[in-house]
Amino acid sequence: MNFEKIFANNQQWVAEKISIEPDYFTNLSKGQHPEFLYIGCSDSRVTAEDLMGLKPGEVFIHRNVANLVVSTDNNLNAVVQYAIEYLKVKHIIICGHYECGGVKAALNPGDMGQLNGWLQTLRDVYRLHRGELDGIEDDQKRFDRLVELNVMEQCINIIKIDHVQRSWYKTGFPTIHGWVFNVRNGSLIDLGLDMEKVFGEVRSIYDLKPLEAVK
Ligand code: CO
């Protein structure tokens, strides 16, 4: 791919948009009102808007290696706070994907330099679910299952965030969804997680509202 081709692609895209809707960019510049916050992997094959069939303005996006929600990640915390408090998104989606390089690395112990700290979160997911994962003999199935369990654990990490809990107590939103993109056939899979139920189960540990006030 020729680097200059990107700018030619861009001008072609602009022309296509304007030919369909002359005021397209004028309208786009007026503001955004996305209903979704999507947290996914940086993997170049997992394209967020494209795979969801959503247009510019419809989804707020955060991507990192292996779609992790790490409590000390200022970048992620700012994205979540902005999405909830200012954009008032109704849904937060954590989307993992099969064949995720980050997840694969976590299945293989070893020094990966700068990535060690980041991968530690994934190795922790492996440790938490070691009984189930080590019971799966097929390597591919174990890999796929860790992708799913990682999404589930990151959904739990989302409900630990103060902005999420405050919004839940105030409005009942956002709803948390755990998805997996199957890069092998293009399908999006909803893991069907009931995060309200999960919050009920871990509330006595992670609830940030004083217990007296909850009663
Ligand atoms: Co990935």
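Is it fair to say Pro34 is assigned to a loop (DSSP other than H, G, I, E, B) and out of contact with any Asp or Glu (no Cβ under 7 Å at 6 or more places or on another chain)? For Pro34, the condition - assigned to a loop (DSSP other than H, G, I, E, B) and out of contact with any Asp or Glu (no Cβ under 7 Å at 6 or more places or on another chain) - is not met.
Among the conditions (1) in a helix (DSSP H, G or I); (2) open to solvent by 40 Å² or more (accessible area, probe 1.4 Å); (3) over 23 Å from Ile161 (Cβ atoms); (4) of a type in the set (Asp, Glu), Asp144 misses just one, which is (2).
Checking region 125-135 against the condition returns a match, with at least one residue being farther than 24 Å from Ile205 by Cβ and open to solvent by 10 Å² or more (accessible area, probe 1.4 Å). Of the candidates Val79, Val69, the single residue that is part of a helix (DSSP H, G or I) and open to solvent by less than 40 Å² (accessible area, probe 1.4 Å) is Val79.
Please list, ordered by first then second residue, the pairs with beta carbon atoms under 9 Å, 6 or more apart or interchain, first in region 35-48 and surrounded by fewer than 19 Cβ atoms within 10 Å (Cβ to Cβ), second at pLDDT 95 or above and among the acidic types (Asp, Glu). As it stands, the answer is Glu35/Glu58; Arg45/Glu99, since those pairs meet every condition given.
Do we have Leu87 as assigned by TED's automatic domain parsing to the domain that holds Asp139, in contact with a Leu (Cβ under 8 Å, 6 or more places away or on another chain) and more than 16 Å from the ligand (Cβ to nearest atom) here?
On the way: assigned by TED's automatic domain parsing to the domain that holds Asp139: yes; in contact with a Leu (Cβ under 8 Å, 6 or more places away or on another chain): yes; more than 16 Å from the ligand (Cβ to nearest atom): yes.
It is true that Leu87 is assigned by TED's automatic domain parsing to the domain that holds Asp139, in contact with a Leu (Cβ under 8 Å, 6 or more places away or on another chain) and more than 16 Å from the ligand (Cβ to nearest atom).
Quick check: is even one residue across region 124-141 in the same structural domain as Leu208 (by TED's automatic domain parsing), away from the ligand (no atom under 14 Å from the Cβ), farther than 28 Å from Lys197 by Cα and assigned to a helix (DSSP H, G or I)? Full working, then the answer.
So in region 124-141, the residues in the same structural domain as Leu208 (by TED's automatic domain parsing) come out as 124-141.
If we keep only those that are away from the ligand (no atom under 14 Å from the Cβ) as well, we get 124, 126-141.
Then drop every residue that is not farther than 28 Å from Lys197 by Cα, which leaves 137-140.
When the remaining residues are screened for being assigned to a helix (DSSP H, G or I), the result is 139-140.
Yes, that holds for at least one residue.
Looking across region 94-115, just one residue is under 22 Å from Ser71 (Cα atoms), more than 15 Å from the ligand (Cβ to nearest atom) and either in contact with a Gly (Cβ under 9 Å, 6 or more places away or on another chain) or of a type in the set (Gly, Ala, Ser) (or both), and that is Gly113.
When Asn74 is tested against the conditions (1) under 17 Å from the mean Cα position of the chain (by Cα); (2) open to solvent by less than 60 Å² (accessible area, probe 1.4 Å), the lone failure is (2).
For region 92-118, filtering for residues that are without any contact (Cβ under 8 Å) to a residue 40 or more places away in the chain, in a helix (DSSP H, G or I) and open to solvent by less than 50 Å² (accessible area, probe 1.4 Å) leaves 2. For region 152-201, filtering for residues that are of a type outside the set (Asp, Glu), out of contact with any strand residue (DSSP E or B) (no Cβ under 6 Å at 6 or more places or on another chain) and assigned to a helix (DSSP H, G or I) leaves 16. Considering only residues in region 49-66 that are surrounded by fewer than 20 Cβ atoms within 10 Å (Cβ to Cβ) and of a type in the set (Gly, Ala, Ser), the one that is farthest from the ligand (Cβ to nearest atom) turns out to be Gly57.
The values are calculated or read from the model by the stated rules, or taken from the named source; none is laboratory data. Model, not experiment: these values are computed from the prediction. Backbone-built Cβ (ideal geometry, glycine too); neighbour counts: all protein chains shown. With ligands, DNA and RNA removed, areas are computed over all heavy atoms of the protein, side chains included. Shrake-Rupley method; radii C 1.70, N 1.55, O 1.52, S 1.80 Å.
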